Amino acid sequence: MTTLSTSEPGTPTDSASIVGTARYLTLHGRLAFVETYGDGHPVLCIHSAGQSGVQWRTVVGELAELGYKAVVVDLPGHGRSEMLDTGPVTELETYSQWCIEIIDRLSLDMPFVVGCSIGGKITLDIASRIPSRLSGVVAMAADAKNDGQNAAGLTRALEDSVSPSRSDRTYYGTIAACGVAVPADRTEIIARMHRREDPLVSNSDLIGWARHDLRSRLTDITCPCRVVVGADDFWMDPESARWTAENIPGGTFTLLDGIGHYPMEEIHNFASLLDGWLRSPDRAPHSPRKA
């Protein structure tokens, strides 16, 4: 199990001085928002259900300093990207194909792909579709098939997804989803950021999360792949994530002690840890570099 330092709660340090580039692309008649930081090897960063690229705000600057080009997307209907003309997405394959189009439009050469939660599942899905075009992937808070969520129940929940209490449920649920090693002030920041979600989009994302089954396609993932889960992540069964990694050719599994569902937001200096995983997928260091 990996033990991590969270003593400095996600402080951006010098990352605030890194200037990124924001742009809108038009995909299928709708605007897609993308930010890029740095000029090195591309890393496509995918956020979790209902959220946006802002989840990577404390990571992108250091990734750029480490020699990467961080490419951060807002999935359709999230953040500053327009919703697809078909409405909220309930099939994760739609997001996967959209991300592949982003890779094509930006001419990203052999990118890494990193995602969390639905972003982690989307990462695995992308890797199963275009493995020869990727340098490697890191799928966090994800497995091949999540048996802990019921799609029918989540579909029913769409009827009250915009109730006044939904924002509070997101706030307190996010606090509960963070790991015990995360300082309280950092957890508070994460929870307040998350409550800005569109609940209809979030619930639709979770329906896709519950339905998505990659078990028959794991052997198609032939690029380097690491599956990561926090030991305190109540959304995830660590053994299911471990099984997923074991059934991917050459796949690697990492369990993060004291961390919950959002490693990139919970871990101080997460970019350094990610750098180790990307540089040596099978022999990554087990703690981030100290600032």
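The values are calculated or read from the model by the stated rules, or taken from the named source; none is laboratory data. Just so it is clear, the model here is predicted, and its values are computed rather than measured. Backbone-built Cβ (ideal geometry, glycine too); neighbour counts: all protein chains shown.
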Being assigned to a loop (DSSP other than H, G, I, E, B) and over 20 Å from P199 (Cα atoms) is true for just one of D85, D104, D125, D39. Which residue is that? D39
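Can you tell me which residue in region 264-291 is farthest from G40 (Cα to Cα), limited to those that are among the charged types (D, E, K, R) and at pLDDT 95 or above?
Looking at the filtered set, the residue picked out is E266.
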For region 218-241, give me each residue that is more than 17 Å from the chain's Cα centre (by Cα), surrounded by fewer than 24 Cβ atoms within 10 Å (Cβ to Cβ) and among the hydrophobic types (A, V, I, L, M, F, W, C). L218, C223
Do any residues in region 191-204 that are without any contact (Cβ under 8 Å) to a residue 12 or more places away in the chain and surrounded by fewer than 18 Cβ atoms within 10 Å (Cβ to Cβ) have Cβ atoms under 9 Å from those of residues that are assigned to a helix (DSSP H, G or I) and not small (G, A, S), where the two are at least six apart or on different chains, and which pairs are they? R196/V54; R196/T170
Tally, over region 177-206, of residues that are over 21 Å from L256 (Cα atoms) and not in a loop (DSSP other than H, G, I, E, B): 11
Give me the pairs: first residue in region 17-46 and within 21 Å of E62 (Cα to Cα) and touching a residue at least 60 places away in the same chain (Cβ under 8 Å), second residue polar (S, T, N, Q) and crowded, with 20+ Cβ neighbours inside 10 Å, beta-carbon distance under 7 Å, and six or more apart or on different chains, which are they? I46/T123
Count of residues meeting criterion [more than 29 Å from S240 (Cα to Cα) and in contact with a Gly (Cβ under 9 Å, 6 or more places away or on another chain)] in region 83-123: 4
Of the numbered conditions (1) modelled with pLDDT of 95 or more; (2) closer than 22 Å to V137 by Cβ; (3) aliphatic (A, V, I, L, M), A22 satisfies every one except a single condition; which is it? (2)
Among (1) touching a residue at least 24 places away in the same chain (Cβ under 8 Å); (2) part of a helix (DSSP H, G or I), where does L255 come up short? (2)
Among (1) surrounded by fewer than 21 Cβ atoms within 10 Å (Cβ to Cβ); (2) of a type in the set (S, T, Y); (3) modelled with pLDDT of 95 or more, the one test that T244 misses: (1)
Quick test for you: out of G115, G61, G119, pick the one residue that is in a helix (DSSP H, G or I) and crowded, with 24+ Cβ neighbours inside 10 Å. G119
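Would you call G87 at pLDDT below 95, out of contact with any Asp or Glu (no Cβ under 8 Å at 6 or more places or on another chain) and not aliphatic (A, V, I, L, M)? Quick ask: steps written out before the conclusion?
Numbers: at pLDDT below 95: yes; out of contact with any Asp or Glu (no Cβ under 8 Å at 6 or more places or on another chain): yes; not aliphatic (A, V, I, L, M): yes.
Spelling it out, G87 is indeed at pLDDT below 95, out of contact with any Asp or Glu (no Cβ under 8 Å at 6 or more places or on another chain) and not aliphatic (A, V, I, L, M).
What do you reckon, is D85 surrounded by fewer than 18 Cβ atoms within 10 Å (Cβ to Cβ), at negative phi, of a type in the set (D, E) and without any contact (Cβ under 8 Å) to a residue 40 or more places away in the chain?
On the way: surrounded by fewer than 18 Cβ atoms within 10 Å (Cβ to Cβ): yes; at negative phi: yes; of a type in the set (D, E): yes; without any contact (Cβ under 8 Å) to a residue 40 or more places away in the chain: no.
So D85 does not fit the description; no.
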